[in-house]
There are 2 protein chains.
Amino acid sequence: MTEIQGLKLLSTLDADGRLIVELAEERLPPPQADEVLVRVEAAPINPSDLALLFASADVENAEYSEGRIVARMPDAARRALAGRVGQPMTIGNEGAGTVIAAGEAPEAQALLGKRVALISGSMFAQYRTVNARACMVLPDDVTAEQGASAFVNPMTALGFVETMKREVHTAIVHTAAASNLGQMLVRIAQEDGIPLVNIVRNDAQVAILKDIGAEHVLNSSEEGFAAQLEAAVAATGATIAFDAIGGGHLVSQILHAMEQVASKDAPYSRYGSDSPKQAYIYGALDLSPTILTRSFGFGWSVGGWLLFPFLQSAGPETIERMKQRVMDNITTTFASHYMGHISLSEALSRDAVLTYNARRTGEKYLVVPN
Amino acid sequence: MTEIQGLKLLSTLDADGRLIVELAEERLPPPQADEVLVRVEAAPINPSDLALLFASADVENAEYSEGRIVARMPDAARRALAGRVGQPMTIGNEGAGTVIAAGEAPEAQALLGKRVALISGSMFAQYRTVNARACMVLPDDVTAEQGASAFVNPMTALGFVETMKREVHTAIVHTAAASNLGQMLVRIAQEDGIPLVNIVRNDAQVAILKDIGAEHVLNSSEEGFAAQLEAAVAATGATIAFDAIGGGHLVSQILHAMEQVASKDAPYSRYGSDSPKQAYIYGALDLSPTILTRSFGFGWSVGGWLLFPFLQSAGPETIERMKQRVMDNITTTFASHYMGHISLSEALSRDAVLTYNARRTGEKYLVVPN
C-alpha cells in the first residue's frame with residue numbers, strides 16, 4: 001500500500017484571539033511495525049472535544065465560509081488558553097472504524113480488516129494511524145456507530161464505581177445525570193446493586209431516567225430540592241458525588257446534604273461530623289466558579305476527576321476488566337444514543353455548530369468522516 | 001481528698017437564638033483509677049475555642065452583666081448551630097496546670113504534683129478531671145504559660161509537615177502565616193529545610209515573619225501579589241497549601257499559581273497539567289464561601305484539614321515522635337506569645353470580649369482561671 005490522503009479537522013487559536021477551525025488535507029504513510037491505519041467511520045462529539053474545538057469562542061457571531069470558521073475568543077478565555085496559541089490542534093478523543101492497513105508486527109496484522117474502537121485524540125479525521133494497542137476489536141455484530149463511544153463514557157462511568165469502592169464509599173450522587181454517561185451509570189448501578197442519586201435539571205430529564213428504572217431522580221430546579229436531596233442521601237447513604245457541572249452551588253449543596261445526614265443523630269461538634277464527604281468535579285458544563293459555603297464541617301474534599309489519571313492509578317488489571325465489561329455489553333449497558341450524524345464538512349456549518357456546541361444534556365452528535 | 005468546687009465557663013444557645021455565656025459552679029469528685037485532677041493555670045484562647053464560645057453571635061451589642069453575657073445569634077448561623085441548641089457547652093481545647101490529686105492507678109499517681117499540658121475540650125475552668133493519658137508532663141523549667149499551647153498549634157504545624165510528606169509534596173504554601181502557628185511553621189521549616197511560602201495580609205505581619213528569618217513572605221493585599229505568588233511557588237516548588245482563612249478567592253489564587261508554574265513548559269492540554277495540586281482549609285477566619293475559579297485544570301483537590309482526624313490517621317508512633325519534639329522545644333520552636341492574661345470573670349467583660357474575639361492574627365490571649 002502506498003500513502004493515502006485524507007481530511008482532518010484542525011482548531012487553531014492565533015495570538016490576536018481569533019480561533020480558526022478548518023479542514024486540512026493530510027498524507028498518511030503506510031503503517032510501520034505495530035501501527036495500524038484505520039478508516040474512521042464514526043466519532044462522537046463529547047464535551048471534552050468541544051472544550052478543545054471551540055472552547056468558549058463566540059460561534060454565534062463567527063464567520064462561516066466553505067471549510068472554515070473564524071470566531072473570536074473572549075479575552076478572559078484567551079489567558080487560560082495561552083498555552084495553545086499558534087498550535088493547530090487535532091480533535092476527537094474516540095471513535096470507531098476499520099483497519100485498512102497494518103504494520104508487519106503480528107499484533108498489527110491481527111487487526112487487519114477488523115472493526116475497532118479506539119482512542120487517539122484526533123478522530124475527527126478520515127484516517128488515523130495508531131498503535132495496535134490503542135484499538136479494541138469490536139464484536140462482529142457491532143456497528144461502528146455502536147462502537148464509537150466505547151471508551152470515554154463507559155470507562156468514566158465504570159471509573160466512578162471503581163473510585164467509589166477504592167475510597168470506601170457505598171453509594172453515589174451524580175449530576176447532569178440524564179447524559180449518555182449518566183444513563184450508563186444508572187444501568188451499571190442497577191447491575192451492581194449500588195444506590196445512586198441522580199440529579200437533573202428538568203422534568204424531561206427526570207422522565208428519561210425514570211424510564212430506564214432509576215429510583216432516585218431529583219430535579220434541582222424544583223422547589224423543595226434541598227429537602228429531597230437530603231432524603232435521597234439519607235436513603236442511599238451516599239458520601240461521594242461526581243459532578244459534571246462544576247460551577248455554582250450544586251457541589252456545596254450536595255456536601256451540605258451529606259453533612260446534614262451524617263450529623264443528624266451525632267452530638268454537636270463545631271467541626272462538623274466525622275463522616276468523610278467527597279465530591280469530584282469531572283466536567284465544566286457551567287464555567288462559573290464553584291461556590292463552597294463550607295456548611296459541612298471539615299470532613300470534606302472536592303477535587304478534579306479525569307479518566308486518564310484515574311486509569312493510570314487503577315493499573316492494567318483493572319483497566320482490562322473494565323474494557324472487557326464494556327465490550328461484552330456495548331449494545332446494552334454501554335449503548336449511546338445520537339441526535340444526528342454530521343460529516344466533516346457539515347461540522348463546519350453554522351447550523352450544525354450551533355446545534356452540537358449547545359451541549360444539551362443527552363443530545364449527542366456523531367461525526368461520520370467518510 | 002474530698003470533692004472540690006470550682007468555676008467553669010459555659011456557652012449555651014437557646015431555641016430563641018440567644019447565646020448565653022456564663023460562669024457556673026461545679027463540684028469535682030476525687031479522681032478515680034487512671035484519672036487525675038488538674039488545677040488549671042493557663043489556657044489559650046484559640047480560634048477554634050471562639051467558634052464554640054461565641055460562634056458568630058453579636059458580641060458588640062450583647063448584654064453584659066456580672067458573670068453573664070447574653071448575645072443574639074444571627075439567623076443564618078442559627079441553622080448551622082441547630083445541633084447545639086439547649087446544650088450548655090464547656091470551652092477550652094488545651095491548657096496547662098498542676099496535678100493536685102490522682103486516682104490509684106500507677107500512671108495517675110506518677111503525675112501527682114507535676115505540671116502538665118493537656119487536651120480536654122473544657123479548659124476554661126478552674127479544675128479539670130482528665131485521664132492521665134491526656135497529659136504531657138512539662139519539663140521542670142517550663143511554666144504553665146509556656147506549656148499552655150503545647151498541643152493544638154505545635155501538633156497542627158507538625159501535622160502539616162507530616163501531611164506534606166505523606167502526600168509526596170516537598171514545599172508548602174501557608175496563609176494567615178503570621179499567627180503563632182505560622183511562626184512555629186516557619187521555624188519547623190527552617191529546621192527541616194522545607195521551602196515555605198508565607199502569605200500574610202499587611203506589612204506588619206511581613207515584618208514579624210522576616211524578623212524570624214522567613215524567606216518567602218507575601219502580602220496578599222499588595223498590588224502584584226499574584227505575580228509574586230507565582231514566583232514564590234516556582235522558587236519553592238510548592239504543590240500543597242494550608243489555609244486558615246477559608247472564605248474568598250485565596251485558595252483559588254494559590255491553586256492557579258501552582259498550575260501556572262506546572263504548565264509553564266508543558267504542551268497545552270485542555271485538562272490542565274498533570275501536576276497534583278492540594279489545598280487544605282483548616283480554619284475559618286473568613287466565614288464567607290470559598291470561591292474556586294477552577295482555572296487550574298483537573299489535577300487539584302481542596303479539602304478540610306483537622307488535627308484530630310489527622311492524628312487518628314497518623315498512628316501512635318508518629319504522634320509520639322511529634323509530641324516528643326514539642327516537649328523538647330516548647331520554649332523555642334514551639335513558643336507561643338500572648339497579648340494579655342484574662343481571668344475567668346474578666347473573660348465575660350465587654351472590653352475583653354471585643355478584644356480577644358477580634359481574632360487578629362498573632363494577637364492571642366491566655367485565660368488564667370486561678
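Using a probe radius of 1.4 Å on protein heavy atoms only, what is the accessible area buried between chains B and A, both sides summed, to the nearest 100 Å²?
Values: alone 16540 and 16580 Å², together 30180 Å².
Summed over both sides, the interface buries about 2900 Å².
Taking a label point 7 Å from Cα toward Cβ, how far is A:Ser221 from its twins in the other copies, in nm, shortest first?
Between copies, matching label points for A:Ser221 lie 4.4 nm apart.
Rolling a 1.4 angstrom probe over the protein heavy atoms, how many square angstrom per residue are accessible across the range B:153-310?
36
Compute, for B:Thr129, the solvent-accessible surface of its heavy atoms (probe 1.4 Å) with the complete set of protein chains present, and express it in square angstrom to the nearest 10.
Surface open to solvent at B:Thr129 totals about 50 Å².
What residues of the range B:32-57 lose no less than 30 Å² of accessible area with every protein chain in place versus their chain by itself (probe 1.4 Å, heavy atoms only)?
Flagged in the range B:32-57: B:Ser48, B:Leu52.
How far apart, in nm, are the 7 Å Cα→Cβ label points at A:Gln312 and A:Ala235?
Reported label-point gap for A:Gln312 and A:Ala235 is 4.0 nm.
Taking chain A as a Gaussian network, Cα atoms linked when under 10 Å apart, which of A:Ala207, A:Ala43, A:Ala257 shows the biggest mean-square fluctuation?
Result: A:Ala207 has the largest fluctuation of those listed.
Compute, for B:Ile319, the solvent-accessible surface of its heavy atoms (probe 1.4 Å) with the complete set of protein chains present, and express it in square angstrom to the nearest 10.
So the heavy atoms of B:Ile319 present about 40 Å² to solvent.
What is the range A:75-169 by shape, rounded, prolate or oblate, if you read a ≥ b ≥ c off the alpha carbon gyration tensor as root eigenvalues and call it rounded for a/c under 1.5, prolate for a/b larger than b/c, and oblate otherwise? Write down the numbers at each step before the final one.
Numbers: a/c = 2.26, a/b = 1.21, b/c = 1.86.
Cα axes put the range A:75-169 in the oblate bin.
Let me know the shape class of the range A:134-219, please: from the alpha-carbon gyration tensor, a ≥ b ≥ c as square roots of the eigenvalues, rounded when a/c is under 1.5, otherwise prolate if a/b is greater than b/c, or oblate. Spell out each step's value before the answer.
Values: a/c = 2.28, a/b = 1.36, b/c = 1.68.
Taking the square roots of the gyration eigenvalues as a ≥ b ≥ c, the range A:134-219 is oblate.
For the protein assembly as shown, with only Lys/Arg (+1) and Asp/Glu (-1) charged at the beta-carbon, what is the dipole magnitude about the Cα centre, in debye rounded to 20? Working shown, then result.
Working: 58 positive and 84 negative charges, 1 e Å.
The calculated dipole for the protein assembly as shown is roughly 0 debye.
Antiparallel DSSP bridges in chain B: what percent, to the nearest 5? Numbers along the way, then the final one.
Details: 42 of 68 bridges.
Expressed as a percentage, antiparallel bridges in chain B total about 60.
How far is it, in nm, from the label point at A:Asp58 to the one at A:Glu223 when both lie 7 Å from their Cα along the line to the Cβ?
3.9
What number comes out for the charge environment of B:Ser301, summing +1 per Lys or Arg and -1 per Asp or Glu over other residues with Cβ under 10 Å away?
Working: positive: B:Lys277; negative: B:Glu167.
Here the charged neighbours net out to 0.
DSSP H helices in chain B with Cα extent of 27 Å or more along the helix axis and mean Kyte-Doolittle hydropathy at least -0.5?
Working: long enough: none.
Flagged H segments: there are none.
Would you pull out the residues with amide H under 5 Å of A:Leu138's amide H, same chain only if 5 or more places away, H placed 1.01 Å from N?
Here A:Arg115, A:Val116, A:Ala117 satisfy the definition.
May I ask you to rank A:Thr163, A:Thr293 by accessible area, largest first, using a 1.4 Å probe over the protein chains only?
Working: A:Thr163 0, A:Thr293 55 Å².
Heavy-atom accessible area, descending, gives A:Thr293, A:Thr163.
Which distances, in nm and shortest first, link the A:Val168 label point to the same label point in every other copy, taking 7 Å along Cα→Cβ?
2.1
Probe radius 1.4 Å, ligands and nucleic acids ignored: give me the carbon and sulfur share of the accessible area of the range B:153-310 as a rounded percent. Could the numbers behind the result be given before it?
Numbers: 3140 of 5700 Å².
Using a 1.4 Å probe with all protein chains present, the range B:153-310 comes out at 55 percent carbon and sulfur.
At a probe size of 1.4 Å, how large is the accessible area of A:Asp274, to the nearest 10 Å²?
Surface open to solvent at A:Asp274 totals about 140 Å².
When the Karplus curve 6.51 cos²θ - 1.76 cosθ + 1.60 is applied with θ = phi - 60°, which whole-Hz ³J(HN,Hα) does each residue of the range B:340-354 get, with x for Gly and Pro?
Per-residue couplings from phi come out as x, 10, 9, 7, 4, 6, 4, 4, 9, 8, 4, 4, 5, 4, 5 Hz.
In whole Hz, with x marking every Gly and Pro, tabulate ³J(HN,Hα) for the range B:75-88 from phi via Karplus 6.51 cos²θ - 1.76 cosθ + 1.60, θ = phi - 60°.
Each residue's phi maps through the Karplus curve to give 4, 4, 5, 4, 4, 5, 9, 3, x, 9, 4, x, 9, x Hz.
As a test, work out the antiparallel percent of DSSP beta bridges whose residues both lie in the protein assembly as shown, rounded to the nearest 5. Numbers along the way, then the final one.
Values: 90 of 142 bridges.
Of the beta bridges lying entirely in the protein assembly as shown, close to 65 percent run antiparallel.
Please work out the FRET efficiency for the pair A:Leu354 and A:Val137, using the Cβ-Cβ distance as r and a Förster radius of 45 Å; give the result to the nearest 0.05. Write down the numbers at each step before the final one.
Values: r = 37 Å, r/R0 = 0.82.
It comes out at approximately 0.75.
Ignoring everything except DSSP H segments at least 4 long, calculate the 222 nm mean residue ellipticity for chain A; use -39,500 (n - 2.57) per segment, divide by total residues, nearest 500.
Values: 12 runs with 112 residues, N = 370.
That comes out to -8500 deg cm²/dmol.
Which shape class, rounded, prolate or oblate, goes with the range B:153-310 when its Cα gyration tensor gives a ≥ b ≥ c as root eigenvalues, a/c under 1.5 marks rounded, and past that a/b bigger than b/c marks prolate? Each step should come with its number before you reach the end.
On the way: a/c = 1.40, a/b = 1.31, b/c = 1.07.
It is rounded, given that a/c, with a ≥ b ≥ c, falls under 1.5.
List residues of the range A:295-333, by number, whose backbone nitrogen lies under 13 Å from a label position 7 Å along Cα→C-beta of A:Glu191.
Counting only backbone N, you get A:321-333.
Tell me, which residues of the range A:293-316 get at least 30 Å² less accessible area when the other protein chains come in, versus the chain alone (1.4 Å probe)?
A:Arg294, A:Phe298, A:Trp300, A:Val302, A:Gly304, A:Leu306
Could you list which residues have their amide H under 5 Å from that of A:Ser120, counting only those 5 or more apart in sequence or on another chain, with H placed in the peptide plane?
A:Glu94
Once amide H atoms are built 1.01 Å from N in the peptide plane, which residues 5 or more positions from A:Thr239, or in another chain, come under 5 Å H to H?
A:Thr170, A:Ala171
Would you mind estimating how fast chain A diffuses translationally, via Stokes-Einstein at 20 °C and 1.002 mPa s with the Kirkwood radius over Cα pairs, in µm²/s?
Details: Rh = 21.9 Å.
Reported coefficient: 98 µm²/s.
Shortest first and in nm with one decimal, please list how far the A:Ile100 label point sits from its counterparts in the other copies (point 7 Å along Cα→Cβ).
9.4
With charges set only on the Cβ (+1 for Lys and Arg, -1 for Asp and Glu), what does the dipole of chain B come to about its Cα centre, in debye to the nearest 20?
Details: 29 positive and 42 negative charges, 114 e Å.
Dipole of chain B, to the nearest 20 debye: 540 debye.
Could you work out, for the protein assembly as shown, what percent of all Cα-Cα pairs fall into each 20 Å distance bin, beginning at 0 Å and stopping at the bin that holds the largest distance?
15, 42, 29, 12, 2, 0
Please check the range B:238-286 for residues whose accessible area, probe 1.4 Å, is lower by 50 Å² or more when all protein chains are in place than in their chain alone.
B:Tyr268, B:Arg270, B:Tyr271
Hey, what did chain B get for relative contact order, percent, Cα under 8 Å, at least 6 apart?
18
The values are calculated or read from the model by the stated rules, or taken from the named source; none is laboratory data. The structure displayed is predicted, hence computed values, not measured ones. So basically every Cβ, Gly included, is an ideal-geometry build from the backbone, and we count neighbours across all protein chains shown. When the accessible area is computed, the model is the full protein with side chains, heavy atoms only, and any ligands, DNA or RNA have been set aside. Shrake-Rupley method; radii C 1.70, N 1.55, O 1.52, S 1.80 Å.
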